[in-house]
Amino acid sequence: MKVKFNNLFLQNKPILEDSKKIFVNTFKNSKFVFGSEIDKFEKNFSKILGSNYCVSVANGTDALIIALKCLGVKYGDEVITSAHTWVSTAGAIVAVGAKPIFVDTDKFFSIDPDKIEKKISRKTKAIIPVHLYGQSCDMDKIIKIAKKNNLKIIEDCAQAHLSKYKNKYLGNFGDVGTFSFFPAKNLGSIGDAGAIVCKKKNLYQLLKRYKNHGSIKKNIHETLGINSRMDSIHAAFLNKKIKYLKKFNSRRNKIAKIYYSKLKDNKDIELPHLRIKSKHTFHQYVIKVKKNRDRLIQYLTKKNIEVGIHYPKMVINLKPYKKNINKKEFKNCLKYENLILSLPIHPFLTYKEIFFICKNINNFFKK
Ligand SMILES: Cc1ncc(COP(=O)(O)O)c(C=O)c1O
């Protein structure tokens with residue numbers, strides 16, 4: 001048996017027939033940029049999330065950059081974020097001229113809220129909590145800190161489509177929530193795409209302008225801006241695929257439950273901790289392998305089971321960011337760097353495959 005880490009073909013297959021129509025329609029009406037599919041997607045996405053406004057953009061990294069720009073983050077400012085994230089979060093901060101200030105993580109792989117305050121300086125303008133792997137950060141504590149210190153909050157929800165904290169969808173807690181629809185995400189398109197959601201109308205108008213050269217009306221450019229528009233073909237595709245998001249997320253949760261039950265007695269691994277009053281959507285199912293992680297990977301690979309590491313190096317260990325990092329401040333995430341292992345959890349994984357994965361992980365440690 002060969003177990004793939006992900007299967008994008010099966011996740012997109014329900015839209016295969018419609019895809020032909022989408023392409024032909026786009027070709028015929030020639031609305032490649034803007035148009036009714038974009039408007040419809042922005043409505044659909046804000047409706048499913050319960051947000052007031054949604055602005056579609058070209059990808060999740062631009063979503064972060066545009067959000068930072070429109071919230072007034074500029075050269076010389078500092079932005080606090082997690083040391084355990086995809087490199088984009090840090091890259092977006094640097095792209096607006098600000099400095100990323102990293103904070104260690106907690107056992108949930110989220111920014112540790114108890115370590116945030118000592119990193120705040122006069123230059124700090126915002127916090128970017130990253131809801132990594134599909135699980136919420138401790139938003140109550142983060143909101144309290146942000147309010148006390150007059151900081152903006154940008155929730156990086158690239159991996160957390162329809163994840164919840166206290167019964168409310170992520171993206172609705174901060175000033176903005178940013179999303180990625182990169183193909184492998186829980187809601188993935190057929191290429192790069194992204195979105196920003198927000199509550200306030202004036203911020204919405206700024207964001208909408210900024211992603212289109214500072215313009216809402218043709219040839220009127222009231223502010224600065226860039227070109228980061230979602231292609232309408234992505235919007236048309238996502239308008240179909242969004243109907244499957246809840247079903248796919250609930251399948252991911254079912255698979256996670258099986259992992260918990262089949263792996264719970266294995267003392268050599270630590271299973272993902274679930275934050276109370278939050279709803280995980282398991283973009284990734286990440287275990288901590290307490291010993292011999294690399295040998296386990298080799299063993300699983302030999303058994304034809306694909307696994308992943310998200311990410312093999314913490315951002316603070318990457319070349320552009322590692323200068324002046326005090327490693328003592330990052331005890332947790334630097335420990336996790338050597339322990340984390342992502343198991344397959346795409347919605348089309350079969351029971352036979354899940355049992356095969358669990359059996360092999362358990363067998364490896366019995367040897
Ligand atoms: C946590 C996180 N932030 C930001 C992004 C950036 O999204 P994109 O790849 O669409 O630019 C990603 C996607 O990979 C991500 O996982």
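Starting from a Cα-only point model with no solvent, please compute log10 I(q)/I(0) by Debye for region 1-82 at q = 0.21 1/Å.
The Debye formula, applied to the Cα set alone, gives -1.15.
Taking all protein chains as present, what is the carbon and sulfur share of the accessible area of the chain, in % to the nearest whole number, probe 1.4 Å?
Values: 9330 of 17350 Å².
Solvent-exposed carbon and sulfur of the chain make up 54 percent of the total.
With θ set to phi - 60°, apply the Karplus curve 6.51 cos²θ - 1.76 cosθ + 1.60 along region 149-154 and write out the HN-Hα couplings as whole Hz, x wherever there is a Gly or Pro.
9, 6, 10, 7, 10, 10
Over 30 Å, how big is the tail of the calculated P(r) for region 8-243, in percent of all Cα pairs? Before the final figure, lay out each step's value.
Values: 6404 of 27730 pairs.
In whole percent, the share of Cα-Cα pairs in region 8-243 beyond 30 Å is 23.
Once the Cα gyration tensor of region 155-298 is found, what semi-axes does its equivalent ellipsoid get, as square roots of 5 times the eigenvalues, in whole Å, sorted largest first? Walk me through the numbers before you get to the answer.
Working: eigenvalues 277, 54, 44 Å².
Sorted largest first and rounded, they come to 37, 16, 15 Å.
7 Å from Cα along Cα→Cβ at both residue 257 and residue 199: what's the point-to-point distance in nm?
3.3 nm
Identify all aspartates and glutamates with a Cα-Cα distance to residue 28 below 13 Å; exclude those on the same chain that are fewer than 8 residues away in sequence.
Partners found: none.
With the cut-off at 32 Å, tell me which of the pairs 211/327; 69/164; 211/241 have Cα atoms farther apart than that.
On the way: 211/327 37 Å; 69/164 26 Å; 211/241 24 Å.
Pairs exceeding 32 Å: 211/327.
In region 184-219, whose amide N lies under 16 Å from the spot 7 Å out along Cα-to-Cβ of residue 32? List them in ranges.
Counting backbone N atoms under 16 Å from the label point, the list is 192.
Set the bar at 22 Å for Cα to Cα. Now go through 152/247; 43/217; 74/328 and name every pair that lies beyond it. Could the numbers behind the result be given before it?
On the way: 152/247 33 Å; 43/217 20 Å; 74/328 29 Å.
Cα-Cα > 22 Å for 152/247; 74/328; rest within.
What spacing in nm lies between the two simple spin-label points modelled at residue 52 and residue 39, each 7 Å away from Cα in the Cβ direction?
Using points 7 Å along Cα→Cβ, the separation is 2.1 nm.
How far is it, in nm, from the label point at residue 148 to the one at residue 271 when both lie 7 Å from their Cα along the line to the Cβ?
Here the answer is 3.5 nm between the modelled labels.
Sequence neighbours fewer than 8 away in the same chain don't count; with that in mind, list the aspartates and glutamates whose C-alpha is under 20 Å from residue 240.
17, 18, 37, 39, 42, 192, 231
Taking just the C-alpha trace of region 244-366, give me its Rg and Dmax in Å.
Both quantities, over Cα of region 244-366: 15.7, 48 Å.
Compute the signed sum of charges (Lys and Arg +1, Asp and Glu -1) over the other residues within less than 15 Å, Cβ to Cβ, of residue 313.
On the way: positive: 293, 319, 322, 323, 327, 335; negative: 294, 337.
Here the count lands on +4.
Per-residue HN-Hα couplings for region 357-367, Karplus 6.51 cos²θ - 1.76 cosθ + 1.60 at θ = phi - 60°, whole Hz, x for Gly and Pro?
4, 5, 4, 6, 5, 5, 4, 4, 7, 6, 5
The values are calculated or read from the model by the stated rules, or taken from the named source; none is laboratory data. Just so you know, these numbers come straight off a predicted model, no measurement behind them. Ideal geometry is used to build each Cβ from the backbone, glycine not excepted, and the neighbour counts take in all protein chains shown. Quick note on the areas: whole protein, heavy atoms, side chains included, nothing else; ligands and nucleic acids left out. Shrake-Rupley method; radii C 1.70, N 1.55, O 1.52, S 1.80 Å.
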